[in-house]
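S.K.: Handing you a structure now.
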Amino acid sequence: MKNNCKQRRQFLVMAAGLLAASVVPAWAAGVSGEVKALEGVAWRNDQPLKLGDPIMLGDHLRTGADSKLVVRLGGDVYLLRANGSLQLENKGLVLGSLRLLSGALLAVFAKSNKQIITPTVTAGIRGTGLYVEASEQSTYFCLCYGEVELMPMHQRSQQFRFKANHHKAHTLDAKGGVEKSPLRNHNDDELAILEALAGRKPHALVG
């Protein structure tokens with residue numbers, strides 16, 4: 001727990017430095033997205049990444065142990081934690097879905113229709129802040145704010161719609177079971193910085 005807190009503080013310091021810099025948004029220059037922060041090692045389509053590298057629709061992103069990757073893509077910003085695997089799936093010329101194969105993702109989204117897909121659940125999102133931890137057995141899903149519709153992968157007739165102003169978390173297992181869960185492994189400061197990297201004011205989180 002102490003190591004996780006230390007890593008999050010280091011990320012906040014690093015991201016604060018990025019915010020202080022004057023950077024032209026990647027999409028304004030004709031690039032789909034870019035790497036905004038990187039701790040440790042990460043890969044795009046099995047090629048090593050570095051700060052400032054472009055990110056394109058269709059890319060597969062991976063992070064190593066004790067690593068973090070922050071990517072801005074259009075009006076969205078994603079923080080992929082250690083040992084994560086994320087596929088950016090395009091729908092025509094826009095991002096259609098994020099397939100989180102493993103690991104943990106903290107993300108903030110502009111107003112649009114997208115999906116996050118894990119091994120056990122599909123989530124429809126619209127201008128939302130959320131945190132997801134994915135494995136083959138279960139998905140931990142925290143709706144930090146906004147609105148989401150969850151559909152268990154193996155129980156597609158079931159749908160769960162949630163709204164939240166401040167962290168509503170659930171765990172969904174491979175059989176379609178849903179249980180309320182406590183907040184874990186992310187915080188409001190990180191969400192505020194991701195929103196700032198997207199060029200938006202931090203969401204007014206309400207307890």
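S.K.: Say whether the condition of being open to solvent by 30 Å² or more (accessible area, probe 1.4 Å), on the phi > 0 side of the Ramachandran plot and more than 12 Å from the chain's Cα centre (by Cα) is met by at least one residue in the stretch 87-100. Steps first, answer last, please.
M.R.: Our first condition is that a residue be open to solvent by 30 Å² or more (accessible area, probe 1.4 Å); within the stretch 87-100, this holds for 87, 89-94, 99.
Narrowing further to those that are on the phi > 0 side of the Ramachandran plot: 92.
Still in the list and also more than 12 Å from the chain's Cα centre (by Cα): 92.
Scanning the stretch 87-100 turns up at least one residue that is open to solvent by 30 Å² or more (accessible area, probe 1.4 Å), on the phi > 0 side of the Ramachandran plot and more than 12 Å from the chain's Cα centre (by Cα).
S.K.: Right, here's the next one. When you go through (1) within 26 Å of Gly64 (Cα to Cα); (2) among the small types (Gly, Ala, Ser); (3) assigned to a strand (DSSP E or B) one by one for Ala82, which number turns out not to apply?
M.R.: (3)
S.K.: Take residues that are touching a residue at least 40 places away in the same chain (Cβ under 8 Å) and open to solvent by less than 10 Å² (accessible area, probe 1.4 Å) and tell me which of the strands (runs of 3 or more DSSP E) falling wholly in the stretch 115-176 contain 2 or more.
M.R.: Details: elements: 121-125, 129-134, 138-152, 160-164, 168-173.
Where strands (runs of 3 or more DSSP E) fall fully within the stretch 115-176 and carry at least 2 residues being touching a residue at least 40 places away in the same chain (Cβ under 8 Å) and open to solvent by less than 10 Å² (accessible area, probe 1.4 Å), they are 129-134, 138-152.
S.K.: Another question about this same structure. Given (1) open to solvent by 30 Å² or more (accessible area, probe 1.4 Å); (2) farther than 26 Å from Gly199 by Cα; (3) at pLDDT 95 or above, where does Ala82 come up short, assuming only one miss?
M.R.: If we test Ala82 against (1) open to solvent by 30 Å² or more (accessible area, probe 1.4 Å); (2) farther than 26 Å from Gly199 by Cα; (3) at pLDDT 95 or above, just (2) comes out false.
The values are calculated or read from the model by the stated rules, or taken from the named source; none is laboratory data. Since the structure is predicted, the reported quantities are computational estimates derived from the model, not experimental observations. Reconstructed Cβ throughout: ideal geometry from the backbone, glycine too, with neighbour counts over all protein chains shown. The area values use the complete protein model at the heavy-atom level, side chains included, leaving out ligands, DNA and RNA. Shrake-Rupley method; radii C 1.70, N 1.55, O 1.52, S 1.80 Å.
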